[in-house]
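The values are calculated or read from the model by the stated rules, or taken from the named source; none is laboratory data. Keep in mind it's a predicted model, so treat the numbers as computed, not measured. Reconstructed Cβ throughout: ideal geometry from the backbone, glycine too, with neighbour counts over all protein chains shown. Surface accessibility is based on the protein's heavy atoms, side chains included, excluding ligands, DNA and RNA. Shrake-Rupley method; radii C 1.70, N 1.55, O 1.52, S 1.80 Å.
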Amino acid sequence: MSLHGLTQITIGVPNVADTAGYYAEFGLDPTAIVDDAHGFTTTDGGEQLKLVSTARRRLVEMRIGADDPDDIARIAAALARLEMPAQADTMTLRSYDPGTEVNVVVEVAPRLAQRDTPPPAYNAPGHISRPDTRAPGVLRDNRVQPRKLGHVVLGSTDQATSQRFFTEGLGFKISDTVPGLAAFMRCSTDHHNVLVQQAPLAFLHHTSWQVDDVDEVGRGATAMLEKDPARHVWGLGRHHVGSNFFWYLRDPAGNFSEYYSDLDCIVDDALWTPQTWEGLRGLYNWGSPPPPSFLAPEDLAGLMAGAHGSA
Ligand SMILES: [Fe+2]
(Lines give C-alpha, C1' and ligand atoms only; values in the text may rest on other atoms or scores of the structure.)
Protein backbone atom coordinates (compact mmCIF):
# COMPACT_ATOMS: atom_id res chain seq x y z
CA MET A 1 0.00 0.00 0.00
CA SER A 2 1.37 3.46 0.60
CA LEU A 3 1.63 6.67 2.52
CA HIS A 4 -1.68 8.51 2.79
CA GLY A 5 -1.07 11.93 4.35
CA LEU A 6 0.29 14.12 7.11
CA THR A 7 -1.25 13.09 10.40
CA GLN A 8 0.26 15.60 12.84
CA ILE A 9 2.92 18.26 13.26
CA THR A 10 4.62 19.64 16.34
CA ILE A 11 5.71 23.28 16.19
CA GLY A 12 8.13 24.66 18.74
CA VAL A 13 7.85 28.34 19.68
CA PRO A 14 9.31 30.52 22.43
CA ASN A 15 5.89 32.01 23.27
CA VAL A 16 3.57 29.05 23.60
CA ALA A 17 0.64 30.77 25.35
CA ASP A 18 0.34 33.59 22.80
CA THR A 19 0.76 31.21 19.89
CA ALA A 20 -1.80 28.80 21.32
CA GLY A 21 -4.30 31.66 21.50
CA TYR A 22 -3.63 32.46 17.84
CA TYR A 23 -4.34 28.90 16.62
CA ALA A 24 -7.53 28.75 18.66
CA GLU A 25 -8.66 31.94 16.90
CA PHE A 26 -7.50 30.44 13.60
CA GLY A 27 -10.22 27.82 14.11
CA LEU A 28 -8.38 24.85 15.58
CA ASP A 29 -9.94 23.37 18.71
CA PRO A 30 -7.66 23.26 21.77
CA THR A 31 -7.54 19.88 23.49
CA ALA A 32 -5.58 18.83 26.52
CA ILE A 33 -2.19 20.18 27.56
CA VAL A 34 -0.07 17.05 28.04
CA ASP A 35 3.56 17.32 29.17
CA ASP A 36 3.46 21.05 28.38
CA ALA A 37 2.39 20.33 24.77
CA HIS A 38 -0.74 22.18 23.67
CA GLY A 39 -2.88 20.00 21.39
CA PHE A 40 -5.27 21.22 18.69
CA THR A 41 -7.71 19.33 16.51
CA THR A 42 -9.06 19.94 13.03
CA THR A 43 -12.65 19.08 12.22
CA ASP A 44 -11.77 15.96 10.22
CA GLY A 45 -8.19 15.06 11.13
CA GLY A 46 -8.18 14.79 14.92
CA GLU A 47 -5.22 16.17 16.87
CA GLN A 48 -3.07 17.51 14.03
CA LEU A 49 -1.14 20.28 15.80
CA LYS A 50 0.95 20.31 18.94
CA LEU A 51 2.70 23.40 20.25
CA VAL A 52 5.73 23.02 22.50
CA SER A 53 8.25 25.41 23.99
CA THR A 54 11.57 25.85 22.13
CA ALA A 55 14.18 28.58 22.12
CA ARG A 56 13.47 29.53 18.50
CA ARG A 57 10.48 28.84 16.29
CA ARG A 58 10.81 25.64 14.26
CA LEU A 59 9.06 22.50 13.12
CA VAL A 60 10.01 19.91 15.71
CA GLU A 61 8.22 16.85 14.32
CA MET A 62 6.17 15.74 11.34
CA ARG A 63 4.08 12.56 11.47
CA ILE A 64 3.02 10.76 8.29
CA GLY A 65 0.36 8.06 7.98
CA ALA A 66 1.07 4.76 6.22
CA ASP A 67 -1.32 1.94 5.38
CA ASP A 68 0.43 -1.09 6.81
CA PRO A 69 3.66 -2.52 8.25
CA ASP A 70 4.97 -3.33 4.75
CA ASP A 71 5.28 0.43 4.17
CA ILE A 72 7.36 0.81 7.32
CA ALA A 73 9.68 -2.01 6.26
CA ARG A 74 10.04 -0.61 2.74
CA ILE A 75 10.91 2.87 4.03
CA ALA A 76 13.40 1.45 6.55
CA ALA A 77 15.16 -0.40 3.71
CA ALA A 78 15.15 2.67 1.47
CA LEU A 79 16.62 4.91 4.18
CA ALA A 80 19.27 2.27 4.91
CA ARG A 81 20.25 2.25 1.21
CA LEU A 82 20.57 6.04 1.35
CA GLU A 83 22.60 5.72 4.57
CA MET A 84 20.08 7.92 6.34
CA PRO A 85 19.26 7.19 10.01
CA ALA A 86 16.07 5.40 11.04
CA GLN A 87 14.75 3.32 13.90
CA ALA A 88 11.74 1.17 13.12
CA ASP A 89 9.47 -1.37 14.73
CA THR A 90 6.48 -2.99 13.05
CA MET A 91 4.16 0.00 13.18
CA THR A 92 6.40 3.07 13.49
CA LEU A 93 9.55 4.46 11.91
CA ARG A 94 11.48 7.40 13.30
CA SER A 95 13.98 9.35 11.27
CA TYR A 96 15.51 12.78 11.02
CA ASP A 97 16.29 15.09 8.12
CA PRO A 98 19.39 17.17 8.97
CA GLY A 99 18.66 19.75 6.25
CA THR A 100 15.31 20.79 7.71
CA GLU A 101 16.18 19.65 11.28
CA VAL A 102 12.81 17.91 11.48
CA ASN A 103 12.10 14.65 13.26
CA VAL A 104 9.94 12.55 10.94
CA VAL A 105 7.73 9.74 12.19
CA VAL A 106 5.97 7.40 9.77
CA GLU A 107 3.27 5.40 11.50
CA VAL A 108 0.62 2.91 10.49
CA ALA A 109 -2.60 4.88 10.88
CA PRO A 110 -6.12 4.87 9.47
CA ARG A 111 -6.75 6.95 6.37
CA LEU A 112 -8.52 10.26 6.84
CA ALA A 113 -12.14 9.96 5.72
CA GLN A 114 -13.77 13.30 4.93
CA ARG A 115 -17.50 13.65 4.47
CA ASP A 116 -18.57 14.64 0.98
CA THR A 117 -18.74 18.44 0.83
CA PRO A 118 -20.35 19.55 -2.42
CA PRO A 119 -19.22 22.96 -3.69
CA PRO A 120 -21.76 25.75 -3.16
CA ALA A 121 -24.07 26.67 -6.02
CA TYR A 122 -22.56 29.48 -8.11
CA ASN A 123 -24.47 31.52 -10.67
CA ALA A 124 -22.66 31.88 -13.98
CA PRO A 125 -23.52 33.44 -17.37
CA GLY A 126 -26.52 31.55 -18.74
CA HIS A 127 -26.49 29.25 -15.72
CA ILE A 128 -28.58 30.19 -12.70
CA SER A 129 -27.91 27.49 -10.14
CA ARG A 130 -29.01 29.55 -7.15
CA PRO A 131 -32.30 31.23 -8.08
CA ASP A 132 -33.99 33.64 -5.70
CA THR A 133 -31.50 33.31 -2.87
CA ARG A 134 -28.33 34.99 -1.58
CA ALA A 135 -24.98 33.24 -1.83
CA PRO A 136 -24.20 30.81 1.00
CA GLY A 137 -20.88 32.57 1.52
CA VAL A 138 -22.59 35.78 2.66
CA LEU A 139 -25.15 34.01 4.84
CA ARG A 140 -22.69 32.05 6.97
CA ASP A 141 -22.06 33.38 10.45
CA ASN A 142 -20.30 30.41 12.04
CA ARG A 143 -16.58 30.67 12.77
CA VAL A 144 -14.27 29.15 10.17
CA GLN A 145 -12.74 25.84 11.21
CA PRO A 146 -10.06 24.05 9.17
CA ARG A 147 -11.07 20.57 8.02
CA LYS A 148 -7.52 19.15 8.02
CA LEU A 149 -3.79 19.87 7.90
CA GLY A 150 -2.76 20.12 4.25
CA HIS A 151 0.94 20.84 3.88
CA VAL A 152 4.09 22.28 5.39
CA VAL A 153 6.81 24.33 3.70
CA LEU A 154 10.31 24.16 5.13
CA GLY A 155 13.65 25.83 4.60
CA SER A 156 16.56 23.42 4.33
CA THR A 157 20.28 24.05 4.40
CA ASP A 158 20.61 21.09 1.99
CA GLN A 159 17.56 21.08 -0.27
CA ALA A 160 18.81 18.30 -2.56
CA THR A 161 19.41 15.88 0.31
CA SER A 162 16.12 16.81 2.02
CA GLN A 163 14.27 16.17 -1.23
CA ARG A 164 16.00 12.80 -1.63
CA PHE A 165 15.03 11.96 1.96
CA PHE A 166 11.35 12.60 1.27
CA THR A 167 11.19 11.07 -2.24
CA GLU A 168 13.70 8.21 -2.45
CA GLY A 169 13.62 7.57 1.30
CA LEU A 170 10.02 7.98 2.40
CA GLY A 171 8.31 7.55 -0.97
CA PHE A 172 6.83 11.01 -1.62
CA LYS A 173 6.00 11.76 -5.27
CA ILE A 174 6.90 14.94 -7.11
CA SER A 175 3.88 16.84 -8.47
CA ASP A 176 5.62 19.90 -9.95
CA THR A 177 9.00 21.60 -9.78
CA VAL A 178 10.25 25.17 -9.60
CA PRO A 179 13.89 24.89 -10.72
CA GLY A 180 16.41 26.23 -8.29
CA LEU A 181 13.75 26.66 -5.61
CA ALA A 182 11.83 23.58 -4.69
CA ALA A 183 9.78 20.55 -5.59
CA PHE A 184 6.15 20.12 -4.61
CA MET A 185 5.96 16.67 -3.02
CA ARG A 186 2.92 14.61 -2.06
CA CYS A 187 2.23 11.64 0.19
CA SER A 188 -1.52 11.66 -0.49
CA THR A 189 -3.89 12.69 -3.28
CA ASP A 190 -3.19 16.36 -2.40
CA HIS A 191 -1.00 18.12 -4.95
CA HIS A 192 1.55 18.78 -2.22
CA ASN A 193 2.05 17.88 1.42
CA VAL A 194 5.67 18.94 1.81
CA LEU A 195 7.75 21.53 0.01
CA VAL A 196 11.39 22.06 0.89
CA GLN A 197 13.29 25.08 -0.34
CA GLN A 198 16.97 25.94 -0.06
CA ALA A 199 17.56 28.42 2.78
CA PRO A 200 20.45 29.75 4.85
CA LEU A 201 19.03 27.91 7.86
CA ALA A 202 16.43 25.28 8.69
CA PHE A 203 13.12 26.97 9.44
CA LEU A 204 9.37 26.53 9.16
CA HIS A 205 7.98 28.79 6.42
CA HIS A 206 4.31 27.89 6.72
CA THR A 207 1.70 25.35 7.58
CA SER A 208 -1.49 25.12 5.50
CA TRP A 209 -4.97 24.21 6.60
CA GLN A 210 -7.88 23.15 4.40
CA VAL A 211 -11.21 24.95 4.57
CA ASP A 212 -14.37 24.27 2.59
CA ASP A 213 -14.19 26.85 -0.18
CA VAL A 214 -12.92 30.27 -1.18
CA ASP A 215 -15.52 32.04 0.97
CA GLU A 216 -14.12 30.24 4.01
CA VAL A 217 -10.60 31.33 3.04
CA GLY A 218 -11.81 34.92 2.93
CA ARG A 219 -14.04 34.75 6.00
CA GLY A 220 -11.36 33.06 8.08
CA ALA A 221 -8.68 35.57 7.20
CA THR A 222 -11.03 38.52 7.64
CA ALA A 223 -11.92 37.38 11.16
CA MET A 224 -8.24 36.99 12.05
CA LEU A 225 -7.44 40.46 10.70
CA GLU A 226 -10.33 42.05 12.58
CA LYS A 227 -8.58 40.91 15.77
CA ASP A 228 -5.12 42.08 14.60
CA PRO A 229 -4.44 43.58 11.13
CA ALA A 230 -0.69 43.02 11.61
CA ARG A 231 -1.28 39.31 11.09
CA HIS A 232 -1.70 39.81 7.35
CA VAL A 233 1.02 38.35 5.14
CA TRP A 234 -0.36 37.61 1.63
CA GLY A 235 -3.80 37.02 0.16
CA LEU A 236 -6.35 36.62 -1.16
CA GLY A 237 -4.92 34.98 -4.24
CA ARG A 238 -4.79 31.80 -6.25
CA HIS A 239 -1.65 29.76 -6.63
CA HIS A 240 -0.81 28.53 -10.12
CA VAL A 241 1.08 25.45 -8.95
CA GLY A 242 -1.51 23.45 -7.02
CA SER A 243 -4.31 25.85 -8.05
CA ASN A 244 -5.42 26.53 -4.49
CA PHE A 245 -6.96 29.75 -3.21
CA PHE A 246 -4.76 31.07 -0.40
CA TRP A 247 -4.47 33.63 2.36
CA TYR A 248 -1.39 33.66 4.59
CA LEU A 249 -1.29 35.03 8.13
CA ARG A 250 1.49 35.29 10.72
CA ASP A 251 1.34 33.69 14.15
CA PRO A 252 2.90 35.45 17.20
CA ALA A 253 6.10 33.38 16.85
CA GLY A 254 6.61 34.36 13.19
CA ASN A 255 5.35 31.17 11.49
CA PHE A 256 2.95 31.68 8.60
CA SER A 257 -0.33 29.79 8.56
CA GLU A 258 -2.38 29.46 5.38
CA TYR A 259 -6.07 28.91 4.81
CA TYR A 260 -6.53 27.07 1.50
CA SER A 261 -9.28 25.58 -0.62
CA ASP A 262 -9.65 23.90 -4.02
CA LEU A 263 -6.18 22.37 -4.19
CA ASP A 264 -5.47 20.10 -7.19
CA CYS A 265 -5.91 16.43 -6.30
CA ILE A 266 -3.95 13.67 -8.00
CA VAL A 267 -5.98 10.48 -7.79
CA ASP A 268 -4.39 8.59 -10.69
CA ASP A 269 -0.64 9.17 -10.89
CA ALA A 270 -0.63 8.11 -14.55
CA LEU A 271 -2.96 10.96 -15.52
CA TRP A 272 -0.94 13.76 -13.91
CA THR A 273 1.97 15.29 -15.77
CA PRO A 274 4.50 17.05 -13.51
CA GLN A 275 5.65 20.34 -14.96
CA THR A 276 8.42 22.82 -14.39
CA TRP A 277 7.41 26.37 -13.51
CA GLU A 278 9.61 29.42 -13.89
CA GLY A 279 9.32 32.90 -12.39
CA LEU A 280 6.20 34.28 -10.78
CA ARG A 281 4.02 31.41 -12.11
CA GLY A 282 5.80 29.30 -9.54
CA LEU A 283 4.30 31.53 -6.87
CA TYR A 284 0.83 32.57 -7.96
CA ASN A 285 -1.66 33.00 -10.77
CA TRP A 286 -3.60 36.03 -9.56
CA GLY A 287 -3.78 38.33 -6.57
CA SER A 288 -1.46 40.99 -5.26
CA PRO A 289 2.26 40.24 -5.71
CA PRO A 290 3.90 38.43 -2.79
CA PRO A 291 5.46 40.84 -0.28
CA PRO A 292 9.23 40.49 0.24
CA SER A 293 8.52 39.26 3.77
CA PHE A 294 6.72 36.22 2.32
CA LEU A 295 9.75 35.21 0.30
CA ALA A 296 12.22 35.92 3.13
CA PRO A 297 10.53 36.16 6.53
CA GLU A 298 11.72 39.20 8.45
CA ASP A 299 12.93 37.21 11.45
CA LEU A 300 15.38 35.01 9.48
CA ALA A 301 18.46 37.02 10.44
CA GLY A 302 17.47 36.82 14.09
CA LEU A 303 16.78 33.10 13.79
CA MET A 304 20.20 32.55 12.25
CA ALA A 305 21.87 34.50 15.06
CA GLY A 306 20.01 32.42 17.64
CA ALA A 307 20.41 29.09 15.87
CA HIS A 308 23.92 28.39 17.07
CA GLY A 309 23.75 25.96 19.92
CA SER A 310 20.11 26.59 20.85
CA ALA A 311 17.14 24.26 20.73
FE1 LIG B 1 1.03 26.80 0.97
- Query: What FRET efficiency would be calculated for the residue pair A73, S53, taking the C-beta separation as r and a Förster radius of 35 Å, to the nearest 0.05?
  - Reply: 0.50
- Based solely on C-alpha atoms, express the radius of gyration and the Dmax of the chain in angstrom. 19.2, 64
- Cα extents of the range 180-232 per principal axis, largest first, Å, are 36, 30, 15
- Item | Signed unit charges on C-beta, dipole axis of the chain, positive-most listed residue F172, L271, G27 | G27
- Task: Quick one: angle between helix 214-227 and the longest Cα principal axis of the chain, in degrees between 0 and 90, rounded to 10, please.
- Result: 80 degrees
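Per the Cauchy relation, a quarter of the hull surface: what is the mean projected area of the convex hull of the alpha carbons in the range 122-200, in nm²? Write down the numbers at each step before the final one.
Details: hull surface 35.4 nm².
Taking a quarter of the hull surface, the average projection is 8.8 nm².
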- Relative packing of peptides 100-108, 125-133, 223-231, 202-210 - highest average C-beta neighbours within 10 Å first: 202-210, 100-108, 223-231, 125-133
- Only helical DSSP H runs with n ≥ 4 go in: add -39500 (n - 2.57) per run for the chain, normalise by residue count and round the 222 nm mean residue ellipticity to 500 deg cm²/dmol. -5500 deg cm²/dmol
- Task: May I ask you to give the percent of accessible area on the chain that is carbon plus sulfur, with a probe radius of 1.4 Å?
- Result: 54 percent
- Message: At a threshold of 8 angstrom on Cα-Cα distance, excluding pairs fewer than six apart, so keeping six or more, what relative contact order does the chain reach in percent?
- Response: 17 percent
- Message: I need to check one value: relative contact order of the range 126-194, counting alpha carbon pairs closer than 8 Å and at least 6 residues apart, in percent.
- Response: 24 percent
- Query: For K50, which aspartates and glutamates qualify as cross-link partners when the Cα separation must be under 18 Å and same-chain residues fewer than eight apart are set aside?
  - Reply: D18, E25, D29, D35, D36, E61, E101, E107, D251, E258
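What is the packing order of peptides 190-196, 10-16, taking the mean over residues of other C-beta atoms within 10 Å and listing the highest first?
On the way: 190-196: 25.6, 10-16: 20.9.
In descending order of packing, they fall as 190-196, 10-16.
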- Message: At a 10 angstrom cut-off on C-beta neighbours, averaged per residue, how do the peptides 26-35, 269-278 rank from highest to lowest?
- Response: 26-35, 269-278
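Dividing the Cα radius of gyration by the Kirkwood radius, what Rg/Rh value follows for the range 206-274?
Numbers: Rg = 13.5 Å, Rh = 12.7 Å.
My calculation of the ratio gives 1.06.
Between D18 and N103, what is the FRET efficiency for a Förster distance of 25 Å, r being their Cβ-Cβ separation, to the nearest 0.05?
Numbers: r = 24 Å, r/R0 = 0.96.
With R0 = 25 Å, the Cβ-Cβ based efficiency is 0.55.
Starting from the Kirkwood radius over alpha-carbon pairs of the range 1-98, derive D by Stokes-Einstein at 37 °C in a medium of 0.692 mPa s and give it in µm² s⁻¹.
The Stokes-Einstein estimate is 220 µm²/s.
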- Pull up all non-local amide H partners of G237: gap of 5 or more, or a different chain, and H-to-H distance under 5 Å with H placed in the peptide plane. F246
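Pop the C-beta distance of A160 and E278 into the FRET formula with R0 = 22 Å and round what comes out to the nearest 0.05.
On the way: r = 19 Å, r/R0 = 0.87.
After rounding, the FRET efficiency stands at 0.70.
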